[in-house]
Amino acid sequence: MSQSTSEALKNIKNKQRRQKVFAEIKHEKNKDRHTKRAERAKAERLNPELKEERLATNIPETIESKRVFDETITEEIEGVDEFEQYFGGALTGEDPKILLTTSEDAKKAAYEFADILMEFLPNVTFIKRKRNYKIAEICQFAGNRQYNNVIVINEDKKKVTGMTFIHLPIGPTFYFSITNIKDAKRIEGHGNATNHIPELILNNFNTRLGKSIGRLFQSIFPKRPEIEGRQVITLHNQRDFIFFRRHRYVFRSEDKMGLQELGPQFTLKLRRMQKGIRGDTVWEHRPDMERDKRKFYI
């Protein structure tokens, strides 16, 4: 609002009159804006280069575009690569095996979420957690039986709050909080999934930490997706929140293709990364990390 308009409203003592004048001014501004848009659209239809020039110069600023520079972007993983056995070819021809379990004294919510995970995780075995078994013992049990990953569903107050991923045999360990869980039945227009091994799409895992997370997810799914199933799992990182989605390609005609969501949906956020099997902490989320909204770590 211009200074003259502000001064004009300030001098009007009657509240109803002031509101009426403000509404009239706002209406005139909207009318002028729509008129200018119509004139601009007409000019751009006659000369498309004007639109291209406007779009090239009028780039909106977002939090992502203002992101604080991270020196580890595009950098390779340093030190010992715990995933080398999987990516280096030592397990060529073998699909990864996953052991899925829960935290101690799990309730109904954890078992229901385990059923959801087993719908899309390939080669997964669920074992009910016994109270006297510790994580280290579970990992030893799984390692002796050639499992490559252990996933623990964490539950608190009858609500699923997180997941712990442990890559075998030497780690690392990742703990993610989990929110916004929605199973397929609650997704409008969802499709019915098949048992085909899906393709895996990873978006925006750019930093050194992000690459480690991406390699974790890659080590869970076989390297040989069954394309005929037309199913794809997407893990999209945006502002350090990882969104999980599963779709199927739908060919509507020879020229048009669409996506049908299969579900489930949930959101992950990395809280901690540790060396080995719950060893020394490599990275941990702290509350003070939220102060700068332009700083991202994945």
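The values are calculated or read from the model by the stated rules, or taken from the named source; none is laboratory data. Here the structure is a predicted model, which means the values were calculated and not measured. Because the Cβ atoms are built from the backbone with ideal geometry, glycine has one as well, and the counts that use them run over all protein chains shown. Note: accessible area is taken over every heavy atom of the protein model, side chains too, but ligands, DNA and RNA are not part of it. Shrake-Rupley method; radii C 1.70, N 1.55, O 1.52, S 1.80 Å.
Out of the residues in segment 239-259 that are assigned to a strand (DSSP E or B), of a type outside the set (Phe, Trp, Tyr) and modelled with pLDDT of 95 or more, which is surrounded by the most Cβ atoms within 10 Å (Cβ to Cβ)?
The residue in question is ILE242.
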(message) Can you tell me which condition ARG54 does not meet? The list is (1) within 30 Å of ARG294 (Cα to Cα); (2) in a loop (DSSP other than H, G, I, E, B), and all the others hold.
(response) (2)
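Per-residue answers, yes or no, for (1) within 47 Å of the chain's Cα centre (by Cα); (2) loosely packed, with under 12 Cβ neighbours inside 10 Å; (3) of a type in the set (Phe, Trp, Tyr):
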residue: LYS13; (1), (2), (3): no, yes, no
residue: GLN16; (1), (2), (3): no, yes, no
residue: ALA23; (1), (2), (3): yes, yes, no
residue: LYS31; (1), (2), (3): yes, yes, no
residue: HIS34; (1), (2), (3): yes, yes, no
residue: ARG40; (1), (2), (3): yes, no, no
residue: PRO48; (1), (2), (3): yes, yes, no
(message) Condition first: open to solvent by less than 50 Å² (accessible area, probe 1.4 Å) and assigned to a helix (DSSP H, G or I). Now tell me which residues in segment 216-235 satisfy that.
(response) LEU216, PHE217, SER219, ILE220, GLY229
(request) Output the number of residues of segment 122-136 satisfying the condition of being more than 21 Å from GLU112 (Cβ to Cβ) and of a type in the set (Ser, Thr, Tyr). (result) 1
(message) Residues that are within 27 Å of ALA136 (Cα to Cα), at pLDDT 90 or above and out of contact with any strand residue (DSSP E or B) (no Cβ under 7 Å at 6 or more places or on another chain): does segment 283-292 have at least one?
(response) yes
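Is it true that GLY263 is exposed (fewer than 13 other Cβ atoms within 10 Å of the Cβ), under 29 Å from ASP95 (Cβ atoms) and touching a residue at least 24 places away in the same chain (Cβ under 8 Å)?
Details: exposed (fewer than 13 other Cβ atoms within 10 Å of the Cβ): no; under 29 Å from ASP95 (Cβ atoms): yes; touching a residue at least 24 places away in the same chain (Cβ under 8 Å): yes.
Answer is no for this residue.
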(message) Cβ contacts < 8 Å: first residue open to solvent by 100 Å² or more (accessible area, probe 1.4 Å), restricted to segment 280-295; second residue outside any helix (DSSP H, G or I) and of a type outside the set (Val, Ile, Thr), any location; separation 6+ or different chain. Result?
(response) ASP280/GLN274; ARG294/LYS66; ARG294/ARG67
(request) Would you mind stating whether ILE181 is in contact (Cβ under 8 Å) with a residue 12 or more places away in the chain and in contact with a Pro (Cβ under 8 Å, 6 or more places away or on another chain)? (result) yes
(request) Identify all residues within segment 197-215 that are open to solvent by less than 50 Å² (accessible area, probe 1.4 Å) and polar (S, T, N, Q); write none if there are none. (result) THR207, SER212
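Among the candidates ILE242, ILE298, single out the residue that is among the hydrophobic types (A, V, I, L, M, F, W, C), outside the structural domain of ASP183 (by TED's automatic domain parsing), in contact (Cβ under 8 Å) with a residue 12 or more places away in the chain and within 15 Å of PHE217 (Cα to Cα).
Only one candidate passes the filter, namely ILE298.
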(request) May I ask you to list pairs of residues, at least six apart or on different chains, whose Cβ atoms are under 9 Å apart, with the first in segment 21-44 being touching a residue at least 12 places away in the same chain (Cβ under 8 Å) and the second being surrounded by 10 or more Cβ atoms within 10 Å (Cβ to Cβ) and of a type in the set (Gly, Ala, Ser)? (result) VAL21/ALA8; ILE25/ALA8
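One line per residue, one yes/no per condition, for (1) over 24 Å from the mean Cα position of the chain (by Cα); (2) of a type outside the set (D, E, K, R); (3) more than 15 Å from ALA109 (Cβ to Cβ):
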{"residue": "THR125", "(1), (2), (3)": "yes, yes, yes"}
{"residue": "ALA136", "(1), (2), (3)": "yes, yes, yes"}
{"residue": "VAL150", "(1), (2), (3)": "no, yes, yes"}
{"residue": "ASN154", "(1), (2), (3)": "no, yes, no"}
{"residue": "VAL160", "(1), (2), (3)": "no, yes, no"}
(request) Taking GLN274 as the residue in question, decide whether it is at pLDDT 95 or above and within 14 Å of PHE120 (Cα to Cα). (result) no
